[in-house]
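Comments concern the structure below.
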Amino acid sequence: MSDAAVIIVAAGKSSRFNDKNYKKPFVSIRSRALWLHSVDRFLSREDVKQVIVVIADEDQTEFHQRFGGETAVLGLDVVVGGDTRADSVLNGLRAVRHELEYVAVHDAARPCIAETWLDELFVKARQTGAAILATPVVSTVKRVSSGQVVETVPRDGLWESQTPQMFQKHKLLQAYEEVDDYTLATDESQLMEWTGQQVSIVEASALNRKVTTQADLQFVEMALDLLPKPKLDGPARPFEDGDIWR
């Protein structure tokens, strides 16, 4: 079983979240910050050997004051991101230990991850070299210009991308090197597509929503109770208070 690193991206500006006190990854749900809920999903996996949290330069002081103790106890690596998401992920990639073959990239503000989805993603990524969580588009899709509907877009074959997204590390680094302007990519899968590499789909759930606005917090609060339960014979167990990640 190949070992993997996980990059938790928490370096965004949270401009649509509209909270003057906290950026969205640092808001608490059930007395635990969103980014820690996301991290928890990976800490107990035997195949995850490194977790890297990418934060904005402007957040360093506050982050270390609030979470420095937990990052030390949990054995997390913290790196500073860049001007774009792609820059931040690249900084995280540069911090991945050289012996680790796979890397998963996950949004810090997407805490509703089920163990069964991770199991399927990790298997698929090892089989194909690149895999993402996603859900099929079920609503009718309209293309709009200047507030007016231009056309209805056929939804056949359309999927909504999620995270985690998992890749062989060398393939993702190669994509960064080959793309003329990698900062235009909105997710890591797009970089792979631009370089002609195949990306596999693992179907997840709409429960795996990314927190973007304040209203999403209420959804997450409910979704945490609706996630599929861990398998008794699976490779991981729920992370508990008092555990120290190895």
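We did not get these values from a lab; they are worked out from the coordinates using the rules stated. This one's a predicted model, so the numbers in the text were calculated from it and none came from an experiment. Positions of Cβ are backbone-derived with ideal geometry, glycine not excepted, and every protein chain shown enters the neighbour counts.
Points to keep in mind about this one:
- Just checking the listed ones, Met192, Met166, Met222: in the Gaussian network model of the chain with Cα springs under 10 Å, the one fluctuating most is Met222.
- Tensor-based shape of segment 86-212 (alpha-carbon gyration tensor, a/c under 1.5 rounded, otherwise prolate or oblate): prolate
- Integer Hz, Karplus 6.51/-1.76/1.60 couplings in order for segment 146-163, x for Gly and Pro: 6, x, 10, 5, 8, 6, 9, 8, x, 8, 4, x, 8, 10, 9, 6, 10, 10
- When the chain is described by a simple charge dipole with +1 on each Lys and Arg Cβ and -1 on each Asp and Glu Cβ, the residue from Pro228, Gly75, Val39 located farthest towards its positive end is Pro228.
- Using a cutoff of 8 angstrom between alpha carbon atoms and counting only pairs six or more residues apart, the relative contact order for segment 4-223 works out to 24 percent.
- Candidates Lys23, Lys229, Lys124, ranked by Gaussian network fluctuation over the chain, Cα under 10 Å, top entry: Lys229
- Highest-fluctuation residue, Asp156, Asp40, Asp59 considered, GNM on the chain with Cα pairs under 10 Å: Asp156
- Average Cα contact separation per residue, segment 49-124, under 8 Å, 6 or more apart, as relative contact order %: 31
- Amide H contacts of Val78 (H built 1.01 Å from N, under 5 Å, at least 5 apart or other chain): Val53
- Cα gyration tensor category, rounded, prolate or oblate, for segment 1-142 with a/c compared to 1.5: oblate
- Basic side chains Lys and Arg get +1 at the Cβ, acidic Asp and Glu get -1 at the Cβ, and with that the dipole of the chain about its Cα centre reaches some 480 debye.
- Evaluating kT/(6 pi eta Rh) at 20 °C and 1.002 mPa s, with the Kirkwood radius of the chain over Cα pairs in the Stokes-Einstein relation, gives 115 µm² s⁻¹.
- Toward the positive end of the charge dipole of the chain, with +1 on the Cβ of Lys and Arg and -1 on the Cβ of Asp and Glu, the farthest Cα among Gln190, Leu173, Tyr102 is that of Gln190.
- Positive dipole terminus of segment 4-223, leading residue within Thr152, Leu133, Thr212 (C-beta point charges): Thr212
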